[in-house]
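Let me begin by presenting the structure, written as structure tokens, before commenting on it.
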Amino acid sequence: MTVMEQRGAYRPTPPPAWQPRTDPAPLLPDAEPFRVLGTEAAAQADPELLRRLYAQLVLGRRYNAQATALTKQGRLAVYPSSTGQEACEVAAALALEDRDWLFPSYRDTLAVVARGVDPVEALTLLRGDWHTGYDPYEHRVAPLCTPLATQLPHAVGLAHAARLKGDDVVALAMVGDGGTSEGDFHEALNFAAVWQAPVVFFVQNNGFAISVPLAKQTAAPSLAHKAVGYGMPGRLVDGNDAAAVHEVLSEAVRRAREGGGPTLVEAVTYRIEAHTNADDATRYRGDAEVETWREHDPILLLERELTARGLLDDDARQTARDAAETMAADLRARMNQDPVLDPADLFAHVYAEDTPQLREQRALLRAELDAEQEGGH
């Protein structure tokens, strides 16, 4: 018998008082992603909700296209498109109440806009003008987070603090499949489960962490299965089925609000565009794979359902497209205006109160700018 075989055969006997803290069975996700569209459950879906989801999906698709074009025109430094993932983005925003908080990643600009943030302000970080560009407290949306998964512990902290204060608040934290390989993911889920914090972790599994496929990141049956290791429920949902994503997230938010603790939701979706404008996706995936996912497009799936139920006609389609074009035209016009920037803003919002060092640095910069201006005359 080899050493490894000897180790494998060893099974320590727990003391008599030992017993599982939690029955793992109810925490395990379904074997297949949960779906609504195209199933019998679709007949029970709220027509007004489906129409609202559709209008937001069409708007979101146009927003992604316009932001991508602005990047090519040099008006944005970078844009991580969520084309193909619009159902996740829109459903995440619509599943929350006004008092709740959204913690987005860098790819979740569309969710931020669907939450009510001005489209131009949502792009300010990606333009390089401000770190955030919008007031997080006004819309209860945390800053877009570029480092992978660092927003997750922040979401747990806010949710835990809200519960301690007696506030009826839920935090929904969005992260990509690549972010689940970060230590912050582990720490956030562990703390949330131990504290039973009212937070929902929403993983958009779009197949790749830049160029690294999911199979090279984890050997787990699904990312939703990771939930059981922390003692929280895991849910697996079709990320291109807007109605299903909204239902699963709404249920998780409701559970958290009622004191049931955190939930890990994995949405299986696909990133149609490249990781960003700096990425060449053809180096790690083929056109046939992308085209297969285009047949499972979130807008197409919802259009089929709405049309079959007589809830969408040509006029309604055109109304949604017209609204999207109006938004795109406004975004284009405002983004084509050069921003008026004050160099002194470098020292704004760094601390709640200025430090002596900041005051000194601000004075030095002002003196340099004044001297430059005088020299120019």
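Just one of the listed residues (Glu258, Glu273, Glu291) is farther than 18 Å from Ala91 by Cα and touching a Ser or Thr at 6+ places or on another chain (Cβ under 7 Å), and it is Glu273. Considering the conditions (1) part of a helix (DSSP H, G or I); (2) under 17 Å from the mean Cα position of the chain (by Cα); (3) under 14 Å from His246 (Cβ atoms); (4) not small (Gly, Ala, Ser), Leu96 is excluded by exactly one of them, (1). Give the residue, chosen from Glu97, Glu121, that is out of contact with any Ser or Thr (no Cβ under 8 Å at 6 or more places or on another chain), assigned by TED's automatic domain parsing to the domain that holds Ala243, surrounded by fewer than 23 Cβ atoms within 10 Å (Cβ to Cβ) and over 29 Å from Arg334 (Cα atoms). That would be Glu97, the only listed residue that is out of contact with any Ser or Thr (no Cβ under 8 Å at 6 or more places or on another chain), assigned by TED's automatic domain parsing to the domain that holds Ala243, surrounded by fewer than 23 Cβ atoms within 10 Å (Cβ to Cβ) and over 29 Å from Arg334 (Cα atoms).
Determine whether segment 300-320 contains at least one residue that is in contact with a Pro (Cβ under 6 Å, 6 or more places away or on another chain) and either surrounded by fewer than 10 Cβ atoms within 10 Å (Cβ to Cβ) or outside any helix (DSSP H, G or I) (or both). Yes: one or more hits. Screening the candidates Glu97, Glu89 for the property of being among the acidic types (Asp, Glu) and closer than 21 Å to Ala149 by Cα yields one hit, Glu89.
Got a sec? Which helices (runs of 4 or more DSSP H) wholly within segment 117-233 have at least 1 residues that are under 18 Å from the mean Cα position of the chain (by Cα) and among the small types (Gly, Ala, Ser)?
Working: elements: 119-122, 124-127, 136-139, 151-165, 183-195.
Output list reads 119-122, 151-165, 183-195.
Out of Phe208, Phe185, which single residue is aromatic (Phe, Trp, Tyr) and under 30 Å from Thr39 (Cβ atoms)? Explain how you work it out, then say what you get.
On the way: Phe185 fails: under 30 Å from Thr39 (Cβ atoms).
Being aromatic (Phe, Trp, Tyr) and under 30 Å from Thr39 (Cβ atoms) holds for just one of Phe208, Phe185, which is Phe208.
Answer yes or no: is there a residue in segment 286-300 that is touching an Asp or Glu at 6+ places or on another chain (Cβ under 6 Å), over 24 Å from Leu152 (Cα atoms) and assigned by TED's automatic domain parsing to the domain that holds Asp98. For segment 286-300, residues touching an Asp or Glu at 6+ places or on another chain (Cβ under 6 Å), over 24 Å from Leu152 (Cα atoms) and assigned by TED's automatic domain parsing to the domain that holds Asp98: present. Hey, does segment 47-66 have a residue that's outside any helix (DSSP H, G or I) and either at pLDDT below 95 or of a type in the set (Lys, Arg) (or both)? No, segment 47-66 has no match at all.
Yes/no per residue for (1) free of Cβ contacts under 8 Å to residues at least 60 places away in the same chain; (2) within 19 Å of Leu148 (Cβ to Cβ):
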| site | (1), (2) |
| --- | --- |
| Ala219 | yes, no |
| Ser222 | no, no |
| Glu251 | yes, no |
| Leu264 | no, yes |
| Ile272 | no, no |
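The values are calculated or read from the model by the stated rules, or taken from the named source; none is laboratory data. Computed from a predicted model, the values in this text were never measured in an experiment. Quick reminder, even Gly has a Cβ in these numbers, built from the backbone with ideal geometry, and neighbours come from all protein chains shown.
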